Amino acid sequence: MTDIAAPIRAKRVLPGFTLSLGTVLLYMTVIVLLPVLALILKGAEIGPARFWDIITSARTLAALRLTITAALIATAINAVYGLLMAWVLTRYEFPGRRILDALIDVPFALPTAVAGLSLTALFSGNGWFGQLLEPLGISVTYTIWGVALAMSFTSIPFVVRTVQPVLEDLDPAYEQAARTLGASEFTIFRRVVFPQILPAYLAGCTIALARSLGEFGAVVFIAGNLPFKTEIAALLAFIRLEEYDYQGAAAIALVLLFFALILLFVSNRLQARAMRFKER
Amino acid sequence: MDIHIDEIAKEFGKATALKPVTLSIPSGALVALLGPSGSGKTTLLRILGGLEFPTSGRVLFDGQDATGMSVQDRRAGFVFQSYALFRHMTVFDNIAYGLNARPRAKRPEKAEIARRVTKLLELIQLPDIGARYPSQLSGGQRQRVALARALAIEPRMLLLDEPFGALDAKVRKELRQGLRDIHDETGLTTVFVTHDQDEAMELADVVVVMSMGSIEQIGRPQDIRDRPATPFVRDFIAA
């Protein structure tokens, strides 16, 4: 007997494909997909009319407006500061560079509540910064600025850590070539360096924005949480849940989810546009 | 433009890349810096281009001291080993880069830039590739585009770092002749770095053989082949 009937299966070079992919898919389903699905189903129970009522109520609208405005302010700050930070860390050698580099990750590692507490302590009327700002008529705690500050604190690493590796990998020959062609340093940054880091930069800013929209721990300490004034959407969802108003909580959460998905979509489109030269 | 290198030395930290070397390059010459890796040939080329600055010694362009002159002011057309074409720009925009980067007062009109780019594309015999991106080109085409981009600024000299290093043998041969033709047509003083002695011997008017940061011999290809000045040159040429 010969074994010609045995099925011929192409052997993969790297073993363990089925097991590893299976584990990944299972994990994704349990940790990511099911909660999102449950939220959508919960939202679907509410019915369109009730859903619309909840999210267009004055308090929800005020919370959403504050959340989005503050997140945009935070992202604008991070877009400027994060790019500068990534640039400084990759382009210059100076004592303490490694320490500074490590400090970037502090917002990731720090419990957000700790961040919120220390920011509140610093910026309240008798804090180190607060007592300097208050006489100038600038109050940070219990205002939208406090909310934006807390958001930018927790999301700054996203911008730095996405731009930094791309800047590091950029072949210095590009800039040298531009220099030999007579370009000034600013022109080189604008027309040679920036377009090449743009996809990563857009991705970093978008994730930072998404994170800011959902930030909770750091914000609730500094915001004061006055309904209609400094109450963020995530907190309002939490309050609804505490009141056993599951539908109200789910509706607000769904709106936040919707924004997050839109952001991911926009981010992907922007990146694809900025990278179009690579595909051809 | 003639180039005079006067006792140029370069150290990187404690490592010596160039011991004091002296070399005169007459205007319009086509010169090869030939040597193994680590011989200092690329460092010398980068010093001429203003991408590195010497630890001691002087560089003279047409008798004028240019040692501390900035890269931007040197107007040296430089072709990098990796070509360093801007990936996010079309071939047209790559070649036009040096003209577009000029301050507004010195920048040629748009139509004039287009005219010059078209002319350069004809010079490198690739008239139809202006709209393409570097990733869509073959290695040989990229090399020629890099050359055209360097020529667009109307350079005073042409410096090439291993210009054919990344290409296969057949394309190398074609492009050698291409560089020779462009050199003869523009009359630019041209210096190129290579570790390939055939390339140096076939293409250059003058070959400068380097080793360990020093110049071993300067001469016409025939002289170097017939009368190697040192045992190193003899062995290197024989290899």
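The values are calculated or read from the model by the stated rules, or taken from the named source; none is laboratory data. These figures come from a predicted structure and were not determined experimentally. Positions of Cβ are generated from backbone atoms using ideal geometry, with glycine treated the same way; all protein chains shown enter the neighbour counts.
Data table
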read-out: Hey, B:LEU45 at pLDDT 95 or above and surrounded by 18 or more Cβ atoms within 10 Å (Cβ to Cβ) or not; value: yes
read-out: When residues of region B:128-158 are limited to those that are away from chain A (no Cβ under 12 Å) and free of Cβ contacts under 8 Å to residues at least 40 places away in the same chain, the one surrounded by the fewest Cβ atoms within 10 Å (Cβ to Cβ); value: B:ASP128
read-out: Subset tally (residues that are farther than 12 Å from A:ALA150 by Cβ, in contact (Cβ under 8 Å) with a residue 40 or more places away in the chain and small (Gly, Ala, Ser)) for region A:107-121; value: 0
read-out: Verdict on A:ALA260 being away from every other protein chain (no Cβ under 14 Å), crowded, with 19+ Cβ neighbours inside 10 Å and assigned to a helix (DSSP H, G or I); value: no
read-out: Any chance A:ILE197 is buried (at least 20 other Cβ atoms within 10 Å of the Cβ) and touching a Phe, Trp or Tyr at 6+ places or on another chain (Cβ under 8 Å); value: no
read-out: Among residues of region A:223-246, those that are buried (at least 22 other Cβ atoms within 10 Å of the Cβ), in a helix (DSSP H, G or I) and at pLDDT 90 or above, counted; value: 3
read-out: Where a residue in region A:124-150 is in the same structural domain as A:PHE221 (by TED's automatic domain parsing) and its partner, wherever it lies, is charged (D, E, K, R), with Cβ under 6 Å and at least six apart; value: A:GLY125/A:GLU134
read-out: Every residue from region B:78-105 that is facing another protein chain (nearest Cβ under 8 Å), in contact (Cβ under 8 Å) with a residue 24 or more places away in the chain and small (Gly, Ala, Ser); value: B:SER82, B:ALA84, B:GLY98
read-out: Selection status of A:GLY182, surrounded by 19 or more Cβ atoms within 10 Å (Cβ to Cβ) and facing another protein chain (nearest Cβ under 9 Å); value: yes
read-out: Elements of type helices (runs of 4 or more DSSP H) in region A:92-135, at least 1 residues being among the acidic types (Asp, Glu); value: A:97-103
read-out: Residue match in region A:58-73 (condition: under 26 Å from A:PRO157 (Cα atoms) and among the hydroxyl-bearing types (Ser, Thr, Tyr)); value: yes
read-out: Failed criterion for B:LEU99 (all others in (1) over 24 Å from B:GLY187 (Cα atoms); (2) among the aliphatic types (A, V, I, L, M); (3) under 20 Å from the mean Cα position of the chain (by Cα) hold); value: (1)
read-out: A:VAL192 part of a helix (DSSP H, G or I), within 14 Å of another protein chain (Cβ to nearest Cβ) and buried (at least 19 other Cβ atoms within 10 Å of the Cβ); value: yes
read-out: Among the residues listed as B:ARG75, B:ARG58, B:ARG46, the single one being within 14 Å of chain A (Cβ to nearest Cβ) and under 30 Å from B:PRO228 (Cα atoms); value: B:ARG46
read-out: Residue selected from region A:166-176 under the condition in a helix (DSSP H, G or I) and touching a residue at least 12 places away in the same chain (Cβ under 8 Å), by the criterion farthest from the other protein chains (Cβ to nearest Cβ); value: A:GLU168
read-out: Flag for A:LEU270 being buried (at least 22 other Cβ atoms within 10 Å of the Cβ) and more than 14 Å from chain B (Cβ to nearest Cβ); value: no
read-out: Flag for A:ALA210 being crowded, with 24+ Cβ neighbours inside 10 Å and more than 21 Å from B:ALA146 (Cβ to Cβ); value: no
